[in-house]
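Here the structure comes first, spelled out in structure tokens, and everything after it is commentary.
Values in this text are rule-based calculations from the coordinates and carry no lab data. Everything numeric here is computed off the predicted structure, so don't read it as measured data. When we count neighbours, we look across all protein chains shown, and the Cβ atoms used for this are built from the backbone with ideal geometry, even at glycine.
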Amino acid sequence: MFITGRLAVALAVGVVPLVLAGLAGYPAYAVLGAWIGLCILLAVVDIALAASARSVTVSRRVPKRARLGEQVPVSVAVHNHGTRALHAVLRDAWQPTAGAPAERQQLQVSPGERGRVAIPLTPRRRGELVSEFVMIRSRGPLGLAGRQARHPVRGAIRVLPAFTSRKHLPSRLARLRELDGNTSIQVRGQGTEFDSLREYVRGDDVRSIDWRATARAGTTMLRTWRPERDRHVVIIIDTGRTAAARVGDGTRVDAALEAALLLAALASRAGDHVHLLMYDRVVRGRVTGVDGAALLPAMSDAMAPVDARLVDTDWHGAFAAVRTLTTRPSLIVVLTAQDAAESARGFLGAFPNASRATTVLVGSVTDDGIAALARERGSREEVYLAAAAERTLRDAENVADAIRRAGGEAIAADPEELPPRIADRYLELKAAGRL
């Protein structure tokens, strides 16, 4: 059972008869006791007349997956098996990060009928969101008290990364089509493979004429070429302690997820094979052997429950795990935060083994606030902050130089710019025949 605020108001109204009784000379305690007894009696009657909150069946309609930040249509249905009309307040017990409405849902269901209430969610966190029960409070006709019951009906939603960087995908796909899609090239070179035969047109390079095909067809046939496909792209996302730092509205690992999804979508359209590895001390997420339209859903599903751990990443183990994904020369894209020489020692020590016979691209998320601090000189405190910011920027550049000397490439940008910059570098490598 439960009581409402109306019962408290009814008890407070008892002050009026108490004052009147005192003015008339009646015993105040007797009047007070009678009023309290009357209120309790009315509450008991209200509880007895309320529809049973247990004689109902509760069911949910919950999607299995949703994107972060998008509204999720969730509803709860209540089937009233009792003989009285159900006037109830319903609470669906989602955690706060699910973004459920703060107000309770009002519900009225006639006997033998079914009612449904919508509970729109706006998730604010990736991962598994769970509601273990639904609480129903059935009010009596007076609204003083009622009955309540907890119904263990579990609901779960897996919240996937937002993938806001997909806005950059159309322009990169257009560049990809210019590179190797609808138009073939005539001259063979590094990083190209045979595409098709077509008839010779005046002005074509005579070195590309296929004389055997010409003899069979009875007309001059020309070979055309396109950039190679079926290359391998391995994406490593660092989930160690450096990835837990907040940058902008999210963490570094959130920005890494956005960059990985954009690169995977582009590489999949280019006909390459994409492998994903999320690692700190152990494998936190892994996607391999998935191509085509199933790639992005598989990656999003693997990324959803993964958060940064407060441990140092074992880079020797990470690069060893890469060798279990593919043994062929590949483009390895490492999304991490290597901006201090002290924390980058383990990464730089393991890096040369990964850069042999492969192209290694290291993407780091930076904070624009540090560059802004380095420009401030208005007060003594700002001068000290600027000096610290300059030291941070210099350390990050030293690590980037060490990566280049070891045979890799370093790209550092803020969370908005990092995904398109990595995608652009991928297209440049394809155009240069290095992938």
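Work out how much length Ala93 to Arg61 would gain on full extension: take 0.36 nm times their residue separation and subtract the Cα-Cα distance, in nm to one decimal.
10.1 nm
Loop-only check: which trypsin sites (Lys or Arg not before Pro) in the range 337-435 are DSSP coil with at most 13 other Cβ within 10 angstrom?
The qualifying sites are Arg356, Arg375, Arg377, Arg434.
Report for the chain the percent antiparallel among DSSP-assigned beta bridges with both residues inside it, nearest 5.
So the antiparallel bridges in the chain amount to around 65 percent.
For Ala245, enumerate residues with amide H under 5 Å from its amide H, sequence gap 5+ or separate chain, H modeled in the peptide plane.
So Ala245 has HN proximity to Arg252.
Using a simple spin-label model with points 7 Å from Cα along the Cα→Cβ vector, what separation in nm is obtained for Leu38 and Asp307?
Calculated label separation equals 5.5 nm.
Could you give the distance between the Cα centres of the range 91-116 and the range 219-280, to the whole Å?
Here the two parts' Cα centres lie 42 Å apart.
Please give me, ordered by residue number, the trypsin sites (Lys or Arg not before Pro) of the range 1-83 that lie in loop per DSSP and have at most 12 other Cβ atoms within 10 Å.
Qualifying residues, ordered by number: Lys64.
Out of residues 5 or more away from Arg284 or on other chains, whose amide H comes under 5 Å of its own, with H placed 1.01 Å from N in the peptide plane?
Those qualifying (amide H under 5 Å, at least 5 residues apart or on another chain) are Met278, Tyr279.
Angle, helix 380-405 long axis vs. longest principal axis of the chain, Cα atoms, 0 to 90°, nearest 10?
Tilt of helix 380-405: around 50 degrees.
Once phi is turned into θ = phi - 60°, what whole-Hz ³J(HN,Hα) does the Karplus curve with 6.51, -1.76 and 1.60 give for every residue of the range 166-171, x standing for Gly and Pro?
Using θ = phi - 60°, the values come out as 5, 5, 7, 5, x, 5 Hz.
Against the longest alpha carbon principal axis of the chain, how many degrees, from 0 to 90 and to the nearest 10, is the axis of helix 315-325 turned?
The helix 315-325 is inclined about 80 degrees to the chain.
In a shell of Cβ-Cβ distance under 14 Å around Ile119, excluding Ile119 itself, what net charge do Lys and Arg (+1) and Asp and Glu (-1) give? Numbers along the way, then the final one.
Working: positive: Arg60, Arg61, Arg91, Arg104, Arg116; negative: Asp92, Glu103.
My count for the surroundings of Ile119 gives +3.
I want to check the label-to-label distance for Ala293 and Lys167. Put each point 7 Å from Cα in the C-beta direction and report it in nm to one decimal.
Result: 2.7 nm between the two label points.
Starting from the Cα of Glu342, step 7 Å along the direction of its Cβ; do the same at Arg198; then give the gap between the two resulting points in nm.
6.1 nm
Residues with amide H under 5 Å of Ala145's amide H, sequence separation 5 or more or different chain, H placed in the peptide plane at 1.01 Å from N; which?
Under 5 Å from the amide H of Ala145 lie the amide H atoms of Thr4, Gly140, each far enough along the sequence or on another chain.
Computed on alpha carbon atoms, what radius of gyration and Dmax characterise the range 217-300, expressed in Å?
Spelled out, the Cα radius of gyration and Dmax of the range 217-300 are 17.9, 67 Å.
Assuming R0 = 45 Å, what is the FRET efficiency of Arg150 and Ala320, from their Cβ-Cβ distance, to the nearest 0.05?
The computed FRET efficiency comes out at 0.35.
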